[in-house]
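A.B. asks: Below are the structure tokens for one structure; questions will follow.
The values are calculated or read from the model by the stated rules, or taken from the named source; none is laboratory data. Values in this document were obtained by computation on a predicted structure and should not be read as measured data. When we count neighbours, we look across all protein chains shown, and the Cβ atoms used for this are built from the backbone with ideal geometry, even at glycine.
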Amino acid sequence: MSLDILQMVLVTIVAAATPLMIAALGEVVVERAGVLNLGVEGMMVLGAATGFAVAVETGSTLVGAAAGAGAGLALSALFGLLTVVLSANQVASGLAMTILGLGLSGLVGASYVGLKRAPAPHLDLPGLTDLPGIGRLVFGQDGFVYFAFALAAGGWWFLWRTRTGLILRAIGDDHTATHALGLQVRTVRFRAVLFGGACAGLAGAYLSLSYTPFWAPAMTAGRGWIALALVVFASWRPLRVLAGALLFGGATVLQLNAQAAGIGLPGQLLSALPYLATILALVLLSLGRRQGGSLAPASLGRVFTPHR
Amino acid sequence: MTPVVPPARTEGPTPLFGAYGIVKRFGDVTANDGIDLEIRAGEIHALLGENGAGKSTLMKILYGLLEPTEGVVTHRGDIVRLANPEAARALGIGMVFQHFSLCENLTVAENIALVMPRALRGRTLKARIAAVGGTYGLHLDPDRPVWSLSAGERQRIEIIRCLLQDPHLVILDEPTSVLTPGEADLLFGVLERLRDEGRALLYISHRLDEVRRLCARATILRGGRVVGTCDPRAETARSLAAMMVGAQVGEVKPPTGQAAGPARLVLSGLTLPAPGLHGTALDRVSLSVRGGEIVGIAGIAGNGQAELFDALSGETLASEPEMVRFDGVMSGRLGITARRRGGAGFVPEDRNGHGAAPTLSLSDNAILSRHATAGLSRFGFLRRAVAKSLARAVIDAFDVRGAGSDPTAGTLSGGNLQKYLMGREILAEPGILVVNQPTWGVDALAAAHIRQALLDLAERGTAVLVMSQDLDELFAIAGRIAVLHDGTLSPAVPAAGTTRETLGLLMGGSEPARIPPPASVLADTPWGPTHAH
Amino acid sequence: MRIDLTPRANRSALLDALSPILAFLAALVVGGLVVSALGRSPAAAFVTYFVAPLSEVWSLQEVAIKAAPLALIATGLAFCFRANIWNIGAEGQFVMGGLFGGWIGVATHGATGNTAWVLPLMLVVGTLAGLLYALIPALLKVRLGVSEILTSLMLVYVAELLLDYMARGPLRDPAGFNFPQSVPFDEAARLPYLMEGDTLHAGVAIALVVLGLATLVLARTLFGFTVRVVGASPRAARFAGFSDARLTLAVFAVSGAAAGLAGISEVAGRIGQLQPSISPGYGFTAIIVAFLGRLSPVGILVAALVIALTTIGGEGAQIDLKLPLDLTRAFQGLLLALVLGADALSRYRVRLVPGAAA
């Protein structure tokens, strides 16, 4: 295989991994703060619809991406209101957000079905982008991809190198103790939820603005759920999310290529592979962790009501 | 309305901190009802009171965790608003929590950094931790995760975290409740030193001997009001207790202690791995309890009590059937229901969420532990009427208050719920009863009631095993006492033939002195001679 | 500003019953605003959604036919959710029930002789298929500690793809002009109609019977009690001698069986053959129904009828008012969110406190 073909494969893997990366990195922050947001899929699909609609109306990919993130953020604000402020059950509330997001995305995107627009512009540095073998991979991606990698590095730096990150992790570990110290459990959690929602929305916008530059109903196809699984798989660590997303992206590309090549397996089986792979990954992970105990934030999913 | 202006002081210099006319209501409940309190620099001021007297509410108000409904707090004579703990810390108020406010999965340094100013972090912070630790003899490795530390070490984190802010007032909430007597001594040294440095300390406790040893002034709360201030050194433990409770506390009849029966509960080499990251492994625990006797297991919390209880109840199964024998039956591999059918009863430490489901009614909570042994289900169908009458019988026999219309368990006070759970098991007339912390957080009257019920049960031939952190309690009811430390159990020795000092050393993991100290030494030990009958 | 939640000492039964109704009204208001934003009359939309389906016999029957699978699945899910166990893969269990039950229908096509056993066998196989499929996430959770939320959901996609493959491939009607569907089932493989010449099939009666049974089990049996205790207080449940592993398997089995039964009832009742897709998302909508009905069978029955009404109404609105079908889904999602919020209001006294944040 020539270097250029290898590069092409890697470029497609990175492209498939990017939405998972962005959504999962947002969710890492949310779960590190102790909140389980099962609405990622809904926030993602709403971000995809809104991002595409706004990009078509304004003609600007950047504004579209911002709108996608904003839509995810708005939906996550409702989620935060329910779970963080009103102490509603996080699992049920997250499911409600997914259903609501799917419905709303249909409404928002209704008049944009079938439209196409140019994909998000890719970086083009004369000389560098044309470098054989690595030029397109390193210097020829679109803004989302660079943002995703920056987000992983930023997430790591935030969680392990800043005081706010320390407070966030502490709150996710023990909300009762941190509340007793006077740390603002609900404020921090609400902001984390908003951040996660914006990331999910942005991940959706990437799908409709760059990955496949059109809007189709329910186009996220469970990527929000796979991102949630990725968070578990990555043991709530941003840099491992990066690795995990690339692994999943690789599986997706493999499946797409196999389907295109027509290798005699039913297409449905190949389509089912990412979901089966997710289950397999979760199983292998827990097999490897039998003795170690759980690495999940200790307060994850628990309801917190301060008594004052 | 309470006056907003502090009343004229009667004597002495301006107090460092004052609280005047403090009222705090939670819905219909008035937790603090017009409390006045003055704390001076260079004193250790005791705040005494039973559970529910309003101590923790007042303490939370002083630390900015709660805002009073009425009343004011003053600092050097000026009215201040403590809107949140940050504001309190800025005024120089520090707090050492009873249930440590530490995050288990963070390191020592990280836990301390949580409340430090932004600038103080990394290497500078670690250097400061080492410096303060050196000054006061509180040594800690800043990079250890909290879950790997003992209770005493955890308290050191709390204290260092407090001292790093150079506080004028340190509030300590039941600081010795998780310490061995030896560790407590070390703590007292630190506290006295802090006092001598001119700091004020508010010492919250219900351990009267400690208060008498350490404090020059005490404010006593009952039912949300101040019922007296005194110099505890001039009082006896008994007179202080009477002020706290508002009535003479009945003594339990001392155990007659004639353990004539055969061994009914036998543990032989019970060994279990630690459950999860933060648990304690049990290492070759052996013990035998005969019918008619109460055996006490002393120990600091977190030394395997919960694990041992679960192994006894069958919530955790042993690896071999013969490790646990109930009335001769190899029970190690039997579940809790089978052990109950064999005539055993269990009362765990945690009332809300282990012994009872707080959101279920009392009669449903009767079904919880008695569904197999009191005919409460037939062919898989519940017999609710039978459960209701069982609950009623327990409520009547154990004087459970506030249980009129079959309320949910969570609405009962700690003492009343504990009486209900004790009664639920005792009315079954178990052949073997295992109780973990029978009177933890229970008011004195209910505690006396519960202890008497345990003694009466043993009189009727039951083998009773009591785990308790409260040595006073064990000396009052147990015929023999063993000590659980880090998952290993010392041999049970007759209570009459041992001393608090011996047990204290075992609780701390040291070998006890070979020859028990004479009785005169006992009277002089810092934790006092409450049991010089 | 800060928001304070104080647990209510004694929850008012009235408030408990009112809170889903209040949530429903609030959802109506928001829905009305959205409809007028889309340039239609909210009043006309209300009539189309909630009144028109109730005014004709055929549409009433449609409501019942749509409500039956929702109620059946939601009742099964109530066992899980009460125990704080999260089977969100009912859609997949529904599909598996339909597929394997329907397989019998395809295999017995054209069979002669006594065929009275065909329909009962289909129902049993469909139920078992749903049950066994639900046991996969349950076993993974019990044995390996894998989150049942993620695995049960992933298996939905797998089940849908499997059905798609079977209906287009091995089970396709060879004489069906390449249409991706199986042969139509024989009369013996169809659920009978409750009324001659109508669409109301026996699946509705099956759902009602199961609902009645579930009411009995949840309220009166030790198993129902176990479900409640495990959900309310897992540690206390272990103290009671109830194994949470066994209960996890049991409630997954119950909910999977209910979803599988709903799936085969749908295939043997309304559809009458296998198609690449047999469910308009019943398994997910049932989650809303379960919470809207506050996890009690009676409440679930009412909630299923309301949700079925909006679904039929939504189809009407699409035709009459050109309102998108997604409006119905958005309305249902919003309704669930509001129900959860209203629930918090009935559990806690909520106060706004000016000043410090918490």
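A.B. asks: Can you find, within segment B:194-210, the residue that is surrounded by the fewest Cβ atoms within 10 Å (Cβ to Cβ) among those that are farther than 18 Å from residue B:95 by Cα and touching a Ser or Thr at 6+ places or on another chain (Cβ under 9 Å)?
C.D. replies: For segment B:194-210, the residue satisfying everything is B:209.
A.B. asks: Here is a list: B:404, B:375, B:332. Which entry is in a loop (DSSP other than H, G, I, E, B) and either at positive phi or not assigned by TED's automatic domain parsing to the domain that holds residue B:462 (or both)?
C.D. replies: Going through B:404, B:375, B:332 in turn, just one is in a loop (DSSP other than H, G, I, E, B) and either at positive phi or not assigned by TED's automatic domain parsing to the domain that holds residue B:462 (or both): B:375.
A.B. asks: Still on this structure: How many of the residues making up segment C:139-148 are more than 7 Å from chain A (Cβ to nearest Cβ) and within 23 Å of the chain's Cα centre (by Cα)?
C.D. replies: Counting residues in segment C:139-148 that are more than 7 Å from chain A (Cβ to nearest Cβ) and within 23 Å of the chain's Cα centre (by Cα) gives 3.
A.B. asks: If a residue must be farther than 20 Å from residue B:393 by Cα, within 21 Å of the chain's Cα centre (by Cα) and not polar (S, T, N, Q), how many such residues does segment B:429-446 contain?
C.D. replies: Here the count works out to 9.
A.B. asks: Filter segment B:46-59 for residues that are closer than 17 Å to residue B:94 by Cβ and crowded, with 24+ Cβ neighbours inside 10 Å and give the result.
C.D. replies: Of everything in segment B:46-59, those that are closer than 17 Å to residue B:94 by Cβ and crowded, with 24+ Cβ neighbours inside 10 Å turn out to be B:47, B:58.
A.B. asks: Select from segment B:291-315 the residues that are in a loop (DSSP other than H, G, I, E, B) and either at pLDDT 95 or above or over 19 Å from the mean Cα position of the chain (by Cα) (or both) and list them in ascending order.
C.D. replies: B:291, B:292, B:293, B:314, B:315
A.B. asks: Here is a further query. Here's a check for you: in segment B:72-123, which residue that is in a loop (DSSP other than H, G, I, E, B) and small (Gly, Ala, Ser) is surrounded by the most Cβ atoms within 10 Å (Cβ to Cβ)?
C.D. replies: B:101
A.B. asks: Also, I was wondering about something else. Could you tell me whether residue A:212 is under 15 Å from residue A:68 (Cβ atoms) and without any contact (Cβ under 8 Å) to a residue 40 or more places away in the chain?
C.D. replies: yes
A.B. asks: Something else: Filter segment C:45-78 down to the residues that are under 20 Å from residue C:286 (Cα atoms), surrounded by fewer than 20 Cβ atoms within 10 Å (Cβ to Cβ) and among the hydrophobic types (A, V, I, L, M, F, W, C) and list them by number.
C.D. replies: Hits for segment C:45-78 are C:50, C:60.
A.B. asks: State all residues of segment B:195-238 that are hydrophobic (A, V, I, L, M, F, W, C), free of Cβ contacts under 8 Å to residues at least 60 places away in the same chain and assigned to a strand (DSSP E or B); if no residue qualifies, say none.
C.D. replies: B:227, B:230
A.B. asks: Out of all the residues in segment B:414-427, is one or more modelled with pLDDT under 90, in a loop (DSSP other than H, G, I, E, B) and surrounded by fewer than 19 Cβ atoms within 10 Å (Cβ to Cβ)?
C.D. replies: The answer is no, given that none of the residues of segment B:414-427 is modelled with pLDDT under 90, in a loop (DSSP other than H, G, I, E, B) and surrounded by fewer than 19 Cβ atoms within 10 Å (Cβ to Cβ).
A.B. asks: For residue A:221, work out the one condition from (1) outside any helix (DSSP H, G or I); (2) among the aliphatic types (A, V, I, L, M); (3) more than 12 Å from every other protein chain (Cβ to nearest Cβ) it doesn't fulfil.
C.D. replies: (3) is the only condition that residue A:221 fails.
A.B. asks: Here's a follow-up. Hey, does segment C:95-110 have a residue that's within 13 Å of chain A (Cβ to nearest Cβ), within 28 Å of residue A:278 (Cβ to Cβ) and buried (at least 24 other Cβ atoms within 10 Å of the Cβ)?
C.D. replies: yes
A.B. asks: Of the residues A:251, A:227, A:272, which is more than 9 Å from every other protein chain (Cβ to nearest Cβ), in a helix (DSSP H, G or I) and modelled with pLDDT under 90?
C.D. replies: When all the criteria are applied, what remains is A:251.
A.B. asks: I would also like to ask the following. Would you confirm, using the coordinates I've provided, whether residue C:328 is farther than 15 Å from residue C:20 by Cβ, of a type outside the set (Gly, Ala, Ser), surrounded by 24 or more Cβ atoms within 10 Å (Cβ to Cβ) and touching a Lys or Arg at 6+ places or on another chain (Cβ under 8 Å)?
C.D. replies: Here the answer is no, as residue C:328 does not meet what is asked.
A.B. asks: Sort out which residues of segment C:149-193 are at the interface with chain A (Cβ under 9 Å from one of its Cβ atoms) and among the aromatic types (Phe, Trp, Tyr), and write them in order of number.
C.D. replies: Scanning segment C:149-193 gives C:157, C:165.
A.B. asks: If you don't mind, another one. Looking at (1) within 14 Å of another protein chain (Cβ to nearest Cβ); (2) closer than 18 Å to residue B:489 by Cβ, which is the only condition residue B:368 fails?
C.D. replies: Among (1) within 14 Å of another protein chain (Cβ to nearest Cβ); (2) closer than 18 Å to residue B:489 by Cβ, residue B:368 violates only (2).
A.B. asks: Answer with yes or no whether residue B:375 is facing another protein chain (nearest Cβ under 10 Å), without any contact (Cβ under 8 Å) to a residue 24 or more places away in the chain and out of contact with any Gly (no Cβ under 8 Å at 6 or more places or on another chain).
C.D. replies: no
A.B. asks: Quick one: in segment B:318-349, which of the residues that are within 27 Å of the chain's Cα centre (by Cα) and among the aliphatic types (A, V, I, L, M) is surrounded by the most Cβ atoms within 10 Å (Cβ to Cβ)?
C.D. replies: Going through the qualifying residues, I end up with B:344.
A.B. asks: Out of B:173, B:166, which single residue is closer than 30 Å to residue B:80 by Cβ, charged (D, E, K, R), crowded, with 17+ Cβ neighbours inside 10 Å and out of contact with any Leu (no Cβ under 8 Å at 6 or more places or on another chain)?
C.D. replies: B:173
A.B. asks: Considering segment C:215-258 alone, what residues qualify as being in contact (Cβ under 8 Å) with a residue 12 or more places away in the chain and among the β-branched types (Val, Ile, Thr)?
C.D. replies: C:215, C:226, C:227, C:229, C:230, C:248, C:251, C:254
A.B. asks: Let me ask something else about it. Mind counting the residues in segment B:236-290 that are at pLDDT 90 or above and within 14 Å of another protein chain (Cβ to nearest Cβ)?
C.D. replies: Residues in segment B:236-290 being at pLDDT 90 or above and within 14 Å of another protein chain (Cβ to nearest Cβ): 2 in total.
A.B. asks: Another question, then. Scan segment C:182-196 residue by residue and report those that are within 21 Å of residue C:280 (Cβ to Cβ) and touching a helix residue (DSSP H, G or I) at 6+ places or on another chain (Cβ under 6 Å).
C.D. replies: C:182, C:185, C:190, C:191
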